[in-house]
1. If I filter the range A:275-287 for residues that are of a type in the set (Ser, Thr, Tyr), within 13 Å of another protein chain (Cβ to nearest Cβ), surrounded by 21 or more Cβ atoms within 10 Å (Cβ to Cβ) and closer than 27 Å to A:Leu10 by Cβ, do I get at least one hit?
2. Given the options B:Thr171, B:Thr120, B:Thr79, name the one that is among the hydroxyl-bearing types (Ser, Thr, Tyr) and more than 30 Å from B:Phe35 (Cα to Cα).
3. Can we say A:Cys297 is in a helix (DSSP H, G or I), more than 11 Å from every other protein chain (Cβ to nearest Cβ) and buried (at least 17 other Cβ atoms within 10 Å of the Cβ)?
4. With modelled with pLDDT of 90 or more, at the interface with chain B (Cβ under 8 Å from one of its Cβ atoms) and either under 30 Å from B:Ser222 (Cβ atoms) or surrounded by fewer than 24 Cβ atoms within 10 Å (Cβ to Cβ) (or both) as the only criterion, which of A:Leu267, A:Leu304, A:Leu254 stands out?
5. Which number in (1) surrounded by 22 or more Cβ atoms within 10 Å (Cβ to Cβ); (2) more than 17 Å from the chain's Cα centre (by Cα); (3) more than 13 Å from chain A (Cβ to nearest Cβ) marks the one condition that B:Pro249 misses?
6. Just to be sure before I move on: is B:Pro259 part of a loop (DSSP other than H, G, I, E, B), within 14 Å of chain A (Cβ to nearest Cβ) and buried (at least 22 other Cβ atoms within 10 Å of the Cβ) in the structure I sent?
7. Out of curiosity, is B:Gln62 closer than 18 Å to B:Phe14 by Cα, of a type in the set (S, T, N, Q) and crowded, with 17+ Cβ neighbours inside 10 Å?
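The values are calculated or read from the model by the stated rules, or taken from the named source; none is laboratory data. Since the model is a prediction, treat every value here as computed from it, not as a measurement. As a convention, Cβ positions derive from the backbone with ideal geometry for all residues, glycine included, and neighbour counts pool all protein chains shown.
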Amino acid sequence: MEDVLRVENLDVTFELHQSEVRAVSDLNFGLKAGETLAVVGESGSGKSQAFLAIMGLLAKNGRATGRAMLGDVNLLGMPHRQLDEYRGRDIAMIFQDPMTSLNPSLKVRTQLAEVLVRHQHFDQQKAVRAAIEMLERVGIPEPARRANAYPHELSGGMRQRVMIAMALLCRPKILIADEPTTALDVTVQAQMLDLFRNLTTEFGTALVLITHDLGVVAGVADRMMVMYGGRSVEKGTTDDLFYDPRHPYTLGLLHSTPHVEKRAQRLDPIQGLPPSLEHLPSGCAFHPRCAFRFEQCFSERPPLAEIGDRRAKACWYEGPLKYEDVA
Amino acid sequence: MSDILTIENLTKRFSIAAGLFSPRIHLTALEDISFSVKKGETLGIVGESGCGKSTLGRCILQLLNPDEGRVVWMGEDLTKLPGEAMRRRRQDLQIIFQDPLASLNPRLTVGEIIADPLRTLRPELKAAERRARVIKIMEAVGLLPEMINRYPHEFSGGQAQRIGIARALITEPKLIVCDEPVSALDVSIQAQILNLLADLKEQFGLTLIFISHNLSVVRHVSDRILVLYLGRIAEIASGDDLYRDPRHPYTRALLTAVPIADPKRARQRNIDALVGEIPSPINPPSGCTFRTRCRFAIGLCAKERPLLEEAGTGRRVACHRWKELELALADA
């Protein structure tokens, strides 16, 4: 199957007063229809900036190079006016805090209908009808009544649903969700994840889930891409990365996650702090925190290399990844 | 183990101005809360946003004054203590907040922030002695002593939380209320702070009250867990009992909603999805407040409020049907 989105050699840099900071380096990945890709990493890993760049939403001092191919169209470097033809129609993005993305002074129905009038050239009446229908599909009770509400009159979970409904109005090929459940309570989060699962099977939407929560990833993602210091350090299926991680950082994230089923005596956290992008360590950016490092890691950056079927890792260490094996 | 803290029939109401000329609305944030904390244990408090968990933590420390009920700390009712006596008692009872940077004064150096409680509570200490204690505590929480003259903005979230912990520890407290202490932190840092809290608890013989919406985290740190729903206790039990054999339908729903970081099990799992969201505490449902989202609700649940009943050793549950329901999780 062909990729609905193919990202090649994506670099994102930010101009600062005296210097330039590289937030994303040489990112490559493909996304197929109906699949869910989880992009996992901690703050500063570049996971959000990579997708803001693809959506043309970088801050003014940001610059993206490389290619982001939506079919045979390159989204990167496209003028905003032209980009608007694709954003919202073929590719949509939702954010952690729905309140900052919804217009507080417009009723829900007005905001939703606008999308359809703009992209599908619906008349107002038809657009409102379609909007209410979509609100119902994302699980909003009494959609006709809620459509008349202003965003502040809705709860956090409802607002997030409105955001998702808005993103789905044009049945986009790709939905990018940046920490969509982080601000929600666990019971509402479970409802949202259920909604995401239905959405990919029902509409064939490809979903990119940007998150730091491995629990969320395990429940919905088909494939994973782990990012560290602006680079992809491991890629593969969710099962492969969870049950047989090959990069020490992936292993470290798994060991840092507390499990509700059992009370472990201690967690095995990764030591130290995530690096500042302005002062990335030499060689492998993870080496100062890595339990498996050796001389090569200090000086040479490991490339992201294929290791078998649809898997890749960027790490020099070839031995088995078990904490008992290292001092 | 003996009880170090006992909360008896604690109720907290807030009154809210609905509009300039409309009458004030009363909101009951906590209603008739009773439980005790044993010396040296970690009691977890979980619930969704708006359930009153942070209000409870603040009522225990008398940062908020409860409207009814008693907070008995080592035999003494804190709600009756005059201001000055309560201030001295605060040496024993400390708090750590969620947002580490927001809870640190940006104009003070790290050393000044950590020493601040000593200035008010132990004014007799000499500057050199204060400094020695600050350095000792910085080392205990994993901060380098040479950072003593730096300002909070120079620190990352995880390090800022270590400063918050050091500030709480400096008075040599017996109990610390941890209010969402790791929720704002990255996963790897979260694990470091959880381990640190466990070490410090051991080292200083602390009793912890750990408030969080994250069930996995609470389960990891707690000996016993208290589940709050809309200002009332739904269930209280040991962590093991609660997970293996939840007795309240709300506890069960919370447990099945927690994401499991294990793809195969996550796929197999049946989520006991709750419909809707937590109702407004301004106008709570009659009878059992959980009944509007409970799939086991019967007529009785709308009429009568369930009492918090003994349900085996060391556990209590507030549900009319707890004896007849089979709630144990299949995959637990």
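1. Taking every residue of the range A:275-287 in turn, none turns out to be of a type in the set (Ser, Thr, Tyr), within 13 Å of another protein chain (Cβ to nearest Cβ), surrounded by 21 or more Cβ atoms within 10 Å (Cβ to Cβ) and closer than 27 Å to A:Leu10 by Cβ.
2. Criteria check complete, one pass: B:Thr120.
3. When the stated conditions are applied, A:Cys297 passes them.
4. A:Leu254
5. (3) is the only condition that B:Pro249 fails.
6. yes
7. Answer is yes for this residue.
Here's the yes/no breakdown for (1) over 29 Å from A:Asp185 (Cα atoms); (2) part of a loop (DSSP other than H, G, I, E, B); (3) touching a Cys at 6+ places or on another chain (Cβ under 9 Å):
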position	(1), (2), (3)
A:Leu267	no, yes, no
A:Gly272	yes, yes, no
A:Pro281	yes, yes, no
A:Cys284	yes, yes, yes
A:Arg293	yes, yes, yes
A:Gly308	yes, yes, no
A:Cys315	yes, yes, yes
